[in-house]
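Inspection log for the structure reproduced underneath, given as structure tokens.
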Amino acid sequence: MQIVVRCNDMQRAELQSGGLQEGLNVVWVFEKVDLLKYKDADAVLDLLYENEPENIAMLQQVSGLKIINSVIHTLQETDRAFIRINGWPTFLKAHIIEASCIHEDLKKLAEALFIKFNKTVEWLPDEPGFVVPRVVSMIINEAYFAIAEGVSTRDEIDTAMKLGTAYPFGPFEWSEKIGLKPVAALLAALSKMQSRYAPAPLLAQQAALT
């Protein structure tokens, strides 16, 4: 099985953190145009995916499975023949990969692929944010509300969350690893459906500066 993975060094390390099984030929690329060199690959995994017509058209030329890192944009907004996963920083280390797929016949192929990375796929509805990114983004959002109100310091909030919930990172640490822009963008998208997701003003302000 040949899979072409478009990613950066950090994403590559996270994806390989569980080891690789035999029988998997992985080609690592960074530039999106390089994907066109492997149109006949069994699968393409684009962890640097951006929801632009050019990216979609390029991936549509690949004959095999097309998997995109698209936490915010659904398959209705990209391509119903794609599979989308949660590939945000830190989440690729997990044993379970959150994913959405509209066509049932593609699910077995995706599961067989990810098992080669020693990962299990958790299929979720095709909605913005999956589950874990929604939860983490809301925690980050509440932390920004708290800091704006002078409740505590960033370090104290991070420490309290790690000790109190056994989370691997505090909300501000997590926001630095994920990036404020995607967190703010997800919250903004979710807030169109439910106002409780509205980004904290401080978070939105700092995200705009990054």
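Brief remarks on what is shown
- Members of region 69-106 found to be assigned to a loop (DSSP other than H, G, I, E, B), among the aromatic types (Phe, Trp, Tyr) and out of contact with any helix residue (DSSP H, G or I) (no Cβ under 6 Å at 6 or more places or on another chain), listed by number: Phe82
- Only one of Ile97, Ile147, Ile83, Ile140 that is in contact with a Cys (Cβ under 6 Å, 6 or more places away or on another chain) and buried (at least 19 other Cβ atoms within 10 Å of the Cβ): Ile83
- Answer residue from region 8-59, given it is of a type in the set (Lys, Arg) and within 20 Å of the chain's Cα centre (by Cα) and is farthest from Leu92 (Cα to Cα) among those: Lys32
- Taken over region 162-177, the criterion of being assigned to a helix (DSSP H, G or I) and either within 13 Å of Ile139 (Cα to Cα) or modelled with pLDDT under 95 (or both) is satisfied by Lys162, Leu163, Gly164, Thr165, Pro171, Phe172, Glu173, Trp174, Ser175.
- Scanning region 59-78 for residues that are more than 25 Å from Ser175 (Cα to Cα), touching a Leu at 6+ places or on another chain (Cβ under 8 Å) and crowded, with 17+ Cβ neighbours inside 10 Å yields Leu59, Val62, Leu65, Lys66.
- Residue among Lys108, Lys116, Lys66 that alone is basic (Lys, Arg), over 21 Å from Glu176 (Cα atoms) and touching a residue at least 24 places away in the same chain (Cβ under 8 Å): Lys116
- Residue within region 94-114 that is under 22 Å from Gln205 (Cα atoms) and under 19 Å from the mean Cα position of the chain (by Cα) present: no
- Any hit, region 7-30, residues being in the same structural domain as His95 (by TED's automatic domain parsing), surrounded by fewer than 16 Cβ atoms within 10 Å (Cβ to Cβ), among the aliphatic types (A, V, I, L, M) and within 23 Å of Ile102 (Cα to Cα): no
- Summed over region 159-186, the residues that are out of contact with any Lys or Arg (no Cβ under 8 Å at 6 or more places or on another chain) and either within 21 Å of Thr210 (Cα to Cα) or of a type in the set (Gly, Ala, Ser) (or both) give a count of 17.
- Summed over region 107-137, residues that are part of a helix (DSSP H, G or I), of a type in the set (A, V, I, L, M) and surrounded by fewer than 17 Cβ atoms within 10 Å (Cβ to Cβ) total 3.
- Set side by side, the residues Ser70, Ser100, Ser63 differ, and just one is over 28 Å from Ala184 (Cβ atoms), of a type in the set (Gly, Ala, Ser) and outside the structural domain of Trp174 (by TED's automatic domain parsing), which is Ser63.
The values are calculated or read from the model by the stated rules, or taken from the named source; none is laboratory data. No experiment lies behind these values; they were computed from the predicted model shown. Note: ideal-geometry Cβ built from the backbone for every residue, glycine included; neighbour counts use all protein chains shown.
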